[in-house]
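Student: Take this structure first; my questions come after.
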Amino acid sequence: MNLYHRPGAQWLAYLVFYVVLAAVPFVVSDNFLLNQLSTYGVFAMLALSISLCWGFGGILNLGQGIPFGLGAYGMAMTMQMQSQDASNPMPPFMLNNSLDRLPLFWVPFWNTGVGITLALVVPTLFCAIFGWLMFRARVSGPFFAIMTLAMLSAWGTLILDIQPYTNGVNGITPPAPLKLGEIVVDPYSPAAYWTVLALLVLATVVAKLMTLSRFGLVVQSVRNDAERVRFLGYNVAGYETAIYTISGFFAAVAGCCWVMLTQYVSPAQFDTTFSLSMVIWAGIGGRMSLMGAILGAFLIQGAQSYLGDAFLNTWLLILGGFFILVVRFLPKGLIGLVESALGRLSSSTGGKTDGNGVSSIRSRLLQQPGE
Amino acid sequence: MAVGSFFTSFDLSAFINALILGISIASIWLIAALGLTIIYGAAGVINMAHGEFIMLGAYSSYMLQSFLGFPFVLCVPASFLIVALVGLVLERGLIRYLYKRPLDTLLATFGVSLVLMQGVRLIFGSDPKYLAVPPIFSSNIQFSFVNISVFRVVVLLVTLGIVTGLWALFYRTRFGVQVRAVMQDKEMAASFGVNADRVYMLTFALGAGLAGVAGSLFGVLNIVLPTMGASYVVQAFLVVVVGGGTLAGSVAAGGATGELQSIFAYFTNDTFARFLLFVLIVVFLRIRPQGLFAPSAKRR
Amino acid sequence: MSFLEIRNLCKSFDTVSVINDFSIELVEQTLCCLVGPNGAGKTTTMDLVTGRQKPTSGQIIFCDDDITGLDEHEIARRGIGRKFQVPAVFRDLTVRQNLEVAYSRSTHPLKNLFRFRAPGFADKLDEVLSVTGLGGRLNIEAGILSHGETQWLEIGMVLMQNPRLLLLDEPVAGMTESEIDKTAEIFNNLKRTNSLVVVEHDMAFVRQIADVVTVMHMGSLLAQGPISEIEANERVREVYLGETGEA
């Protein structure tokens, strides 16, 4: 059997990958670099969310910037309010925009707990409602992709437009790092790095388990033939909404982490280019594999910052060309190369199939349907 | 005035101007969406590079005008040919391998859009370019309280002309019969001797060329930038989605969304109007997911 | 006591009427063959019963409940399973996973999120495998099965659902003689516990399995009765058997 499909090997690969990542702060002392690596972790979480929705569910989502951006704004509002107090309740940009009191929807963000909860709940709820409306109406495939794109641009323009409340194109720049109770999360510290990494590991495990569960099985069936699944008694719209919403929740978490790391958010998070680059990470890395998507984010974002802003235009040109080639010739992404290489290896060493028919929790956990 | 007393700020002449502007917006969105509509309608391909085709049209006109001294009136058909050729090359080199994978065509054409946009940016830079037009186009028509620029009227007329031309092409020519046969059932059409491959190729080139025409007009309405495509493409997609992918559907959808945008904008402002419109479209699709005029679904 | 009852069913697309005042009653534990020339409305009838299309008028009563106009999954949960004319299986998934999806005892997405096994699945799997004989192909992707095997898999999937009523659209299309015989045997066993409606063109196969034959023509009921009666029916000969030359 191909080592790539071997369940134990997959879990082992995750383990090794994350242990190496966790050890990085012991080697890297440059806190700026560490902060940059943490943001890659955030991008990896986004790629993971895209892989869930698109790779496993077959739902191409070009608007993942919506939950990411909403989560990021929620976090930025929370952090901004940590720097305000009763004597000075208004963020400076509101005063510049001549508001005379704190807008009502900012009030809950006084409380850090409530603020972060809202930063996660609002985008998730948006995905649930939008997804349910679309999937109930059986909007799917390219049409759904376009509707997410349209929704993204609608949110972007709205947030840009209500300048007094969001500081428009300048975005929100919380002056101080996030405080959780007495703890200050310094974005340029190993602690921040490990926080993001822990969340990424958690997200990976949850996502992996989901793809292996009965839920994951049904979701993959929907990708194959949604209509057939209905006649088996499953409410397809429910499954589609669920996977889309869960994927949105992951993106919202990523949005919160991102603001924690950068202390900045702006309508640029709703740019189509950003949402499409998430799809590119997952596509080039390998959308059908969570690991592939995660590696894709690290690889591409790493290369992009290494090449620097001077080459940005050339780099995007190369990236676009490379993406075309991957779509055309490597639908499984770069990780697909690993799959076929290991496949050739195992067939040359006379690999055998494991013909088990036993259903146990262990064997289910160790099966990988999509990879 | 009875209506005027309803809203304190309601001004009938301004509102009528908004309605007329709505017709103009509709014609702009429609001409942006026409190429997309026929490519989607005939081949089922969602062309994410459509916005960049529009951008290429604008740059083609710019080049012809500033380097070869073409008059603007000649730039428009020339842009059609240039962008149609680009579309033809793209279809032969990439799209034709992906017809059976609709989501992948969407992604591949997105890659193409990135390449085109960055390529143009590397060649021409990010600073805006301008298209010059004969002075008569840059004047305004003033008729009692109605005020609209001549060029917007030109765009409207060109759009009407193209729609009529497309209708004639699809319903009055042999090629049109072939396109409609391929749309209905590719295998069946092929067995009757229609070269489906050729039909796809030509419709793709035609759609791209129409984007080129739109681009050279938009270059006058606005400035010419490598990123200009993105500002038209979302509206163009929505017109196709709401219309259901047929020519008649796009005309109706373009008209409805353009007018609504202008009316909402009259009561609020441009950006908020756009948000309202998008939300309205989501709700509309909940009720009518197949769009306004969709071809009937295939049987299993 | 009727099990499935179709009352005055009508379906029209725009102005074209496809099903025209069609009524039948089905008794439990019988196998009814639905026959008729192309375009008679057999597949459309199945679409209407399973909720794939909504009737223009008329009623469909299943086990004393009105199921007219319900969604596909709601009808499926009430115990109606369907096999499609063009075999529809999940090609990326293994045979085993196909059957596992079809074992749809719990259908709620959130309850299935972290559920890794379905109680009773192993027993049901053994049972279905013993009927369909796909045991040796369990870990193979369904996309690479032969046409006959794909048909079997889809029948197996319908069986995994444990439906009270099975609707099978041309289940033996593309099968070899021996495969057809085996299918007939399975169906004859099944009708001891379930009810079946089979759309079929192959009259030899119909003779092997049918308790009752319903003939449709132009969207209406033409005749109904045991096979011998149907084959003797003059009008049926005219519109159907005469045409295909199989009688």
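The values are calculated or read from the model by the stated rules, or taken from the named source; none is laboratory data. Here the structure is a predicted model, which means the values were calculated and not measured. Positions of Cβ are backbone-derived with ideal geometry, glycine not excepted, and every protein chain shown enters the neighbour counts.
Quick grid of which residues meet (1) more than 11 Å from every other protein chain (Cβ to nearest Cβ); (2) without any contact (Cβ under 8 Å) to a residue 60 or more places away in the chain; (3) not aromatic (Phe, Trp, Tyr):
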site: A:ASP186; (1), (2), (3): yes, yes, yes
site: A:TYR193; (1), (2), (3): yes, no, no
site: A:GLY216; (1), (2), (3): no, no, yes
site: A:VAL229; (1), (2), (3): no, yes, yes
site: A:GLU240; (1), (2), (3): no, no, yes
site: A:VAL253; (1), (2), (3): yes, no, yes
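Student: Those residues that are in contact (Cβ under 8 Å) with a residue 40 or more places away in the chain, farther than 19 Å from B:ILE20 by Cβ and of a type in the set (A, V, I, L, M, F, W, C), I need them from region B:254-293; list them, please.
Tutor: Scanning region B:254-293 gives B:PHE278, B:ILE281, B:PHE284, B:LEU285, B:LEU292, B:PHE293.
Student: Please report, ordered by residue number, the helices (runs of 4 or more DSSP H) entirely within region A:187-291 with at least 1 residues that are under 19 Å from C:PRO109 (Cβ atoms) and of a type in the set (S, T, N, Q).
Tutor: Numbers: elements: A:190-212, A:214-230, A:236-262, A:272-285.
Here the list reads A:190-212, A:214-230, A:236-262.
Student: Within region C:73-82, track down each residue that is crowded, with 24+ Cβ neighbours inside 10 Å and either at the interface with chain A (Cβ under 7 Å from one of its Cβ atoms) or within 16 Å of C:GLU149 (Cβ to Cβ) (or both).
Tutor: The answer is C:ALA76, C:ARG82.
Student: Now for a separate question. When you look at C:ARG192, is it touching a Cys at 6+ places or on another chain (Cβ under 9 Å), touching a residue at least 60 places away in the same chain (Cβ under 8 Å) and surrounded by fewer than 21 Cβ atoms within 10 Å (Cβ to Cβ), yes or no? Even if it seems obvious, please write down each step before you answer.
Tutor: On the way: touching a Cys at 6+ places or on another chain (Cβ under 9 Å): no; touching a residue at least 60 places away in the same chain (Cβ under 8 Å): yes; surrounded by fewer than 21 Cβ atoms within 10 Å (Cβ to Cβ): yes.
So C:ARG192 does not fit the description; no.
Student: Conditions first: (1) within 26 Å of A:GLY131 (Cβ to Cβ); (2) touching a helix residue (DSSP H, G or I) at 6+ places or on another chain (Cβ under 9 Å); (3) surrounded by fewer than 16 Cβ atoms within 10 Å (Cβ to Cβ); (4) of a type in the set (Val, Ile, Thr). B:ILE287 passes all but one, so which condition is the exception?
Tutor: Only one criterion in (1) within 26 Å of A:GLY131 (Cβ to Cβ); (2) touching a helix residue (DSSP H, G or I) at 6+ places or on another chain (Cβ under 9 Å); (3) surrounded by fewer than 16 Cβ atoms within 10 Å (Cβ to Cβ); (4) of a type in the set (Val, Ile, Thr) is unmet by B:ILE287, namely (2).
Student: Restricting to region A:242-251, name every residue that is within 7 Å of another protein chain (Cβ to nearest Cβ) and in contact (Cβ under 8 Å) with a residue 40 or more places away in the chain.
Tutor: Within region A:242-251, the subset within 7 Å of another protein chain (Cβ to nearest Cβ) is A:242.
Within region A:242-251, no residue meets the criteria.
Student: Might you let me know whether region B:192-210 holds any residue that is under 30 Å from A:SER140 (Cβ atoms) and within 14 Å of chain A (Cβ to nearest Cβ)?
Tutor: No, region B:192-210 has no match at all.
Student: For residues that are under 21 Å from the mean Cα position of the chain (by Cα), of a type outside the set (Lys, Arg) and farther than 17 Å from B:VAL224 by Cβ, tally how many sit in region B:129-155.
Tutor: Matching residues across region B:129-155 total 4.
Student: Related question: State whether the residues of region B:51-66 include one that is crowded, with 24+ Cβ neighbours inside 10 Å and within 13 Å of chain A (Cβ to nearest Cβ).
Tutor: Yes: one or more hits.
Student: Looking for something modelled with pLDDT under 90 and within 20 Å of the chain's Cα centre (by Cα) - is there at least one such residue anywhere in region B:60-67?
Tutor: Looking through region B:60-67, none of the residues is modelled with pLDDT under 90 and within 20 Å of the chain's Cα centre (by Cα).
Student: In region C:83-95, how many residues are touching a Leu at 6+ places or on another chain (Cβ under 8 Å) and either facing another protein chain (nearest Cβ under 7 Å) or buried (at least 20 other Cβ atoms within 10 Å of the Cβ) (or both)?
Tutor: Looking only at region C:83-95, we keep the residues that are touching a Leu at 6+ places or on another chain (Cβ under 8 Å), and these are C:83, C:87, C:89, C:93-95.
Among the residues that remain, those that are also either facing another protein chain (nearest Cβ under 7 Å) or buried (at least 20 other Cβ atoms within 10 Å of the Cβ) (or both) are: C:83, C:87, C:89, C:93, C:95.
Residues that pass the stated criteria total 5.
Student: I'd like to check something: does region C:68-76 contain any residue that is at pLDDT below 90, within 30 Å of C:ALA102 (Cα to Cα) and not acidic (Asp, Glu)?
Tutor: Let us first name the residues in region C:68-76 that are at pLDDT below 90, namely C:69.
When the remaining residues are screened for being within 30 Å of C:ALA102 (Cα to Cα), the result is C:69.
Next cut, not acidic (Asp, Glu) only: C:69.
Scanning region C:68-76, I find at least one residue that is at pLDDT below 90, within 30 Å of C:ALA102 (Cα to Cα) and not acidic (Asp, Glu), so the answer is yes.
Student: Related question: Which one of these is over 30 Å from C:LEU129 (Cα atoms) and either among the aliphatic types (A, V, I, L, M) or out of contact with any Ser or Thr (no Cβ under 9 Å at 6 or more places or on another chain) (or both): C:ALA210, C:ALA184, C:ALA223?
Tutor: On the way: C:ALA210 fails: over 30 Å from C:LEU129 (Cα atoms); C:ALA184 fails: over 30 Å from C:LEU129 (Cα atoms).
Answer to the check: C:ALA223.
Student: Restricting attention to region B:240-265, and to residues there that are part of a loop (DSSP other than H, G, I, E, B) and not polar (S, T, N, Q), which single residue is modelled with the highest pLDDT? Before the answer, list the steps.
Tutor: Going residue by residue through region B:240-265, those that are part of a loop (DSSP other than H, G, I, E, B) are B:244-246.
Pick out the ones that are also not polar (S, T, N, Q) and you get B:244-245.
On the way: B:GLY244: 86, B:GLY245: 83.
Residue satisfying both the conditions and the ranking: B:GLY244.
Student: So, of the residues in region A:323-346 that are in a helix (DSSP H, G or I) and at the interface with chain B (Cβ under 8 Å from one of its Cβ atoms), which turns out to be nearest to A:SER289 (Cα to Cα)? I'd like the intermediate steps shown before the answer.
Tutor: Taking region A:323-346 as the starting set, the residues that turn out to be in a helix (DSSP H, G or I) are A:323-329, A:334-346.
Then keep just the ones that are at the interface with chain B (Cβ under 8 Å from one of its Cβ atoms); that gives A:323-324, A:327-328.
Details: A:PHE323: 17, A:ILE324: 19, A:VAL327: 15, A:ARG328: 18 Å.
Looking at residues that are in a helix (DSSP H, G or I) and at the interface with chain B (Cβ under 8 Å from one of its Cβ atoms), I get A:VAL327.
Student: Taking only region B:98-118 into account, find how many residues are more than 7 Å from chain A (Cβ to nearest Cβ) and closer than 13 Å to A:GLY58 by Cβ.
Tutor: Residues flagged as more than 7 Å from chain A (Cβ to nearest Cβ) and closer than 13 Å to A:GLY58 by Cβ within region B:98-118 amount to 1.
Student: Do we find that A:GLY141 is on the phi > 0 side of the Ramachandran plot and either at the interface with chain B (Cβ under 10 Å from one of its Cβ atoms) or modelled with pLDDT of 95 or more (or both) in this structure? First the steps, then the outcome.
Tutor: Working: on the phi > 0 side of the Ramachandran plot: yes; either at the interface with chain B (Cβ under 10 Å from one of its Cβ atoms) or modelled with pLDDT of 95 or more (or both): yes.
Yes: the conditions hold for A:GLY141.
Student: Tell me the helices (runs of 4 or more DSSP H) entirely within region A:1-113 that contain at least 2 residues that are within 30 Å of A:PRO190 (Cα to Cα) and in contact with a helix residue (DSSP H, G or I) (Cβ under 8 Å, 6 or more places away or on another chain).
Tutor: A:7-27, A:31-50, A:65-82
Student: Continuing with this model, one more query. Which strands (runs of 3 or more DSSP E) does region C:1-60 wholly contain that include 1 or more residues that are without any contact (Cβ under 8 Å) to a residue 24 or more places away in the chain?
Tutor: Working: elements: C:4-13, C:16-26, C:31-35.
In region C:1-60, C:4-13, C:16-26 are the strands (runs of 3 or more DSSP E) which contain 1 or more residues that are without any contact (Cβ under 8 Å) to a residue 24 or more places away in the chain.
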